[in-house]
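Engineer: Would you mind keeping the following structure in view while I ask a few things?
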Amino acid sequence: MSLDARIQQSVVVNLSNRPAPVHVGPFVIGVDPTTANPNINYATPRPGAAITGADVADLVAAFRDADRVPRLEYVIGCAPELEPLLVGAGFEVEARHTYLCCRPETLQATATPEGYTLRAPDNDGERAALIGAQHDAFGGESVASAEDVARMRRAQDAGGVALMAVTGDDVCVGGAQGVPPSDGLSEVAGVAVRAPFRRRGLAGALTADLTGRLFGAGVEVAWLEAGGEDSWRVYTRVGYQPAGQRLYMALR
């Protein structure tokens, strides 16, 4: 199986493990009843599946039945015929991202900046602090809901990894997460540092440490997406290399 197909299949598995997944023909929708956030409730196709316009219509209907915004994320190479079908159904492109991969032999050890500690949250208070720091870093309110905390706890219980960066005063200033592994792969997501604490090497340290923990748990390939030039530099510096393309599309 190609790397594109393995990455795509790992997303299928991840969405299938959501609290209320919906399987529609060649697609799976990762429905989470606790939130309507389209970044959590989205669909993806099974790699290599034949897809028709009727399948897309059924997918939109399933989203409407679930009271969610129709939205997809997928590896382009695994469904090259899907984009024109989605455009024909009224979907619009949100983003095209390169995904990057890291293997144990390419990971570069990165020191944690002096005055900070990286550790896994082991109680709900720490999970809430980590999520709040991520929300703040991404421009939202630094508040974690009970559902957010439960979601992180479930992911950790399923083998996922969460990591928080704390000051000497035990204030969480950033964090990152690794999705529960599937077929030796895990997605690294949510790498975030609060604005006042950036440019100190924390993002690189979080990425490298989290990736190393995933490899220590048996993961063969860690993958992620870079949201801009700054994050691209951070990720390539710790050993991630460009590997393929992913597409985000939504019907508003």
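The values are calculated or read from the model by the stated rules, or taken from the named source; none is laboratory data. All values reported here derive from a predicted model rather than from experimental measurement. Ideal geometry is used to build each Cβ from the backbone, glycine not excepted, and the neighbour counts take in all protein chains shown. Areas reflect the complete protein model, heavy atoms only, side chains present, ligands, DNA and RNA absent. Shrake-Rupley method; radii C 1.70, N 1.55, O 1.52, S 1.80 Å.
Engineer: Show the residue pairs meeting these rules: Cβ distance below 7 Å; 6+ apart or different chains; first residue within segment 73-100 and farther than 13 Å from D4 by Cα; second residue open to solvent by 20 Å² or more (accessible area, probe 1.4 Å) and assigned to a helix (DSSP H, G or I).
Structural biologist: Note: pairs meeting the criteria are L85/G53; G88/G53; A89/A57; A89/V60.
Engineer: Quick check on my filter: what residues within segment 54-82 are of a type in the set (A, V, I, L, M) and either open to solvent by less than 10 Å² (accessible area, probe 1.4 Å) or touching a Gly at 6+ places or on another chain (Cβ under 7 Å) (or both)?
Structural biologist: V56, L59, L72, V75, A79, L82
Engineer: Do we find a residue being open to solvent by less than 20 Å² (accessible area, probe 1.4 Å) and modelled with pLDDT of 95 or more anywhere in segment 103-111?
Structural biologist: no
Engineer: Out of curiosity, is V75 at pLDDT 95 or above and either under 20 Å from A189 (Cβ atoms) or more than 23 Å from the chain's Cα centre (by Cα) (or both)?
Structural biologist: Considered against the rule, which asks whether it is at pLDDT 95 or above and either under 20 Å from A189 (Cβ atoms) or more than 23 Å from the chain's Cα centre (by Cα) (or both), V75 comes out as yes.
Engineer: Okay, next question. Taking A250 and the conditions (1) free of Cβ contacts under 8 Å to residues at least 60 places away in the same chain; (2) open to solvent by less than 20 Å² (accessible area, probe 1.4 Å), which numbered condition does it fall short on, given that it satisfies the others?
Structural biologist: (1)
Engineer: Please identify the pairs in which a residue from segment 124-138 that is of a type in the set (K, R) has its Cβ atom under 9 Å from the Cβ atom of a residue that is buried (at least 19 other Cβ atoms within 10 Å of the Cβ) and in a helix (DSSP H, G or I), counting only partners at least 6 apart or on another chain.
Structural biologist: Here the result reads R127/D148; R127/V149; R127/M152, each pair linking segment 124-138 to a residue that is buried (at least 19 other Cβ atoms within 10 Å of the Cβ) and in a helix (DSSP H, G or I).
Engineer: Please work out which residue is farthest from the chain's Cα centre (by Cα), limiting yourself to segment 159-202 and to residues that are closer than 19 Å to Y99 by Cα and open to solvent by 30 Å² or more (accessible area, probe 1.4 Å).
Structural biologist: The residue in question is D183.
Matching residues to (1) surrounded by 14 or more Cβ atoms within 10 Å (Cβ to Cβ); (2) farther than 18 Å from S182 by Cβ:
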position	(1), (2)
S2	no, no
Q8	yes, no
V24	yes, yes
G30	yes, no
I51	yes, yes
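Engineer: While we're on this one: List the pairs whose first member sits in segment 141-165 and is without any contact (Cβ under 8 Å) to a residue 24 or more places away in the chain and more than 16 Å from G190 (Cβ to Cβ), whose second member is part of a loop (DSSP other than H, G, I, E, B) and not β-branched (V, I, T), and whose Cβ atoms are under 9 Å apart, counting only residues at least 6 apart or on separate chains?
Structural biologist: Partner pairs satisfying both residue conditions: D157/P180.
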